[in-house]
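Readers should treat all values here as calculations from the given coordinates under stated rules, not as data from a laboratory. Just so you know, these numbers come straight off a predicted model, no measurement behind them. We place every Cβ from the backbone using ideal geometry, glycine too, and count neighbours over all the protein chains shown.
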Amino acid sequence: MRDKFTLKNIVLCLLVCFLPTLLFLVDAFTYYMSANYGIFLQLPSGDYLLRIVVQAILYMLLAVGLNVVCGFTGLLDLGYVGFYLVGGYTAGLLMVRLGFSYWMVLPLAVLNGAMWGLLRGVPTLRLAGDYFAIVTFGFGELLFRIVKNEEWLIGDINGFVKNIPPPTIFGVELYQNWHHYYHILVLLFFVVFVTYRLQHSRVGRAWVAIREDEQAAESMGINVSRYKSLAFAVSAAIGALGGAFFAQLQVNLSAEAFEFWESILILCMVVLGGMGSIKGALIGGAVLASLGEILRLILPYQFGGARYLIFGVILILLMRFRPGGMTLKKA
């Protein structure tokens with residue numbers, strides 16, 4: 001453990017812990033320069049940047065969850081957004097309709113996501129490759145269409161759930177961006193800790209054996225069906241956890257936030273960072289989640305649409321020269 005306490009790691013931890021304070025100090029400095037010296041610094045507000053960071057950390061959490069199935073077990077999941085949706089609507093509907101508190105619905109959303117992961121996973125235990133990918137795609141699309149079109153179930157058109165109350169601690173409402181920052185940071189640390197412990201346990205070694213050669217793993221006595229089901233449940237539970245956080249973050253839920261392209265984006269994060277690597281999933285999530293906003297800030301207004309072209313070129317170059325992912329590390 002002592003080799004982890006390097007100057008770089010200590011500085012990184014301090015930056016993560018005090019990032020909101022640093023951003024608000026930059027805001028105060030910008031205001032001071034404009035009020036006293038008439039110098040107007042063209043810097044985005046700290047609250048805006050903090051919102052981007054919160055979104056990036058949320059995608060990092062989702063990428064770590066998808067990495068359990070795609071990276072550890074070696075199965076291509078194209079419907080991961082379905083569990084994200086399950087968590088979001090479980091939390092949103094219970095809080096709005098039944099008046100449950102956020103801290104009550106958070107574990108319920110996780111359990112519901114794990115249940116849906118098992119329900120989807122058990123019928124597909126014997127599927128692999130393209131067939132498994134097609135089934136997962138259909139699962140995600142089915143949930144999306146139900147939420148979008150079945151008004152009797154959700155209570156509004158296009159899956160709208162409005163006025164989701166913020167979580168509270170000791171009577172204090174957590175609705176500001178710096179509240180969300182520390183909230184999602186704690187959830188991410190918890191998810192990384194759990195997945196790291198699983199990866200370096202007998203369960204993780206069984207997942208890797210299944211990924212490398214399923215028939216050989218079964219011949220060595222590994223219960224493939226049980227370990228696959230566990231991977232589905234853990235991955236789905238993490239996705240539902242992210243969805244529950246997203247519900248209170250957005251306040252108003254809509255089915256449009258859970259389209260198929262969200263699954264593709266999260267999958268790109270896992271592949272770009274390095275499949276089977278928790279560190280790679282974190283890096284991929286941070287890069288892709290923040291790159292679009294960074295390019296939008298850098299490019300002039302009239303060339304705002306070009307950020308998507310640059311985004312695609314960067315992805316192509318990275319996959320060309322670093323096909324194993326940005327970390328070049330396998331589990």
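With only Cα atoms counted, the stretch 1-43 has Rg and Dmax values of 15.9, 50 Å. Relative contact order of the stretch 52-258, taken over Cα pairs closer than 8 Å and 6 or more residues apart, is 44 percent.
FRET efficiency for the pair ARG202 and ILE314, taken as 1/(1 + (r/R0)^6) with r the Cβ-Cβ distance and R0 = 41 Å, rounds to 0.60. Axis angle, to the nearest 10 degrees, between helix 202-212 and the longest C-alpha principal axis of the chain: 80 degrees. Taking amide H positions as modeled 1.01 Å from N, with prolines and chain starts lacking one, the residues under 5 Å from MET326 and 5 or more places away or on another chain are GLY273, GLY274.
Here each label is just a point 7 Å from Cα along the line to Cβ, and for PHE190 and ASP27 those points are 2.7 nm apart. Percent of Cα pairs in the stretch 52-258 per distance bin of 10 Å, from zero to the largest separation: 9, 35, 33, 17, 5, 0. Using only Cα atoms, tell me the angle between helix 177-199 and the longest principal axis of the chain; keep it within 0 to 90° and round to the nearest 10. Computed tilt is about 30 degrees.
Placing +1 on each Lys and Arg Cβ and -1 on each Asp and Glu Cβ, with no other charges, gives the stretch 187-255 a dipole about its Cα centre of roughly 200 debye. Taking label points 7 Å from Cα along the Cα-to-Cβ direction, ILE134 and ASN36 give a separation of 6.8 nm. Full extension of the chain between SER229 and TRP103 yields a length gain of 42.7 nm, computed as 0.36 nm times the residue separation minus the alpha carbon distance.
Can you grab the distance from the C-alpha centre of the stretch 14-34 to the C-alpha centre of the stretch 87-127, Å, no decimals? Spelled out, the Cα-based centre of one part sits 37 Å from the other.
Think of each Lys and Arg Cβ as +1 and each Asp and Glu Cβ as -1; about the Cα centre, that makes the dipole of the chain roughly 920 debye.
Which value results when the Cα radius of gyration for the stretch 1-134 is divided by 2.2 N^0.38 Å?
So the stretch 1-134 has a normalised radius of gyration of 1.54.
Where only DSSP H runs of four or more residues are counted, the chain gives -23500 deg cm²/dmol as its mean residue ellipticity at 222 nm, each run worth -39500 (n - 2.57).
Protection proxy ranking of 36-42, 223-229, 138-144, 74-80, by the mean of other Cβ atoms within 10 Å over each peptide's residues and highest first, is 74-80, 138-144, 223-229, 36-42. For the pair ILE298 and GLU150 in one chain, pulling the backbone fully straight at 0.36 nm per residue adds 49.1 nm over the alpha carbon distance. Placing pseudo-labels 7 Å out from each Cα toward the beta carbon at ALA216 and LEU7 gives an inter-label distance of 4.5 nm. In sequence order, the stretch 312-326 has phi-based couplings of x, 5, 4, 5, 5, 5, 5, 6, 6, 9, 10, x, x, x, 5 Hz under the Karplus curve 6.51 cos²θ - 1.76 cosθ + 1.60, θ = phi - 60°, and Gly or Pro positions carry x.
Taking the longest Cα principal axis of the chain as reference, the axis of helix 102-121 is set at about 40 degrees.
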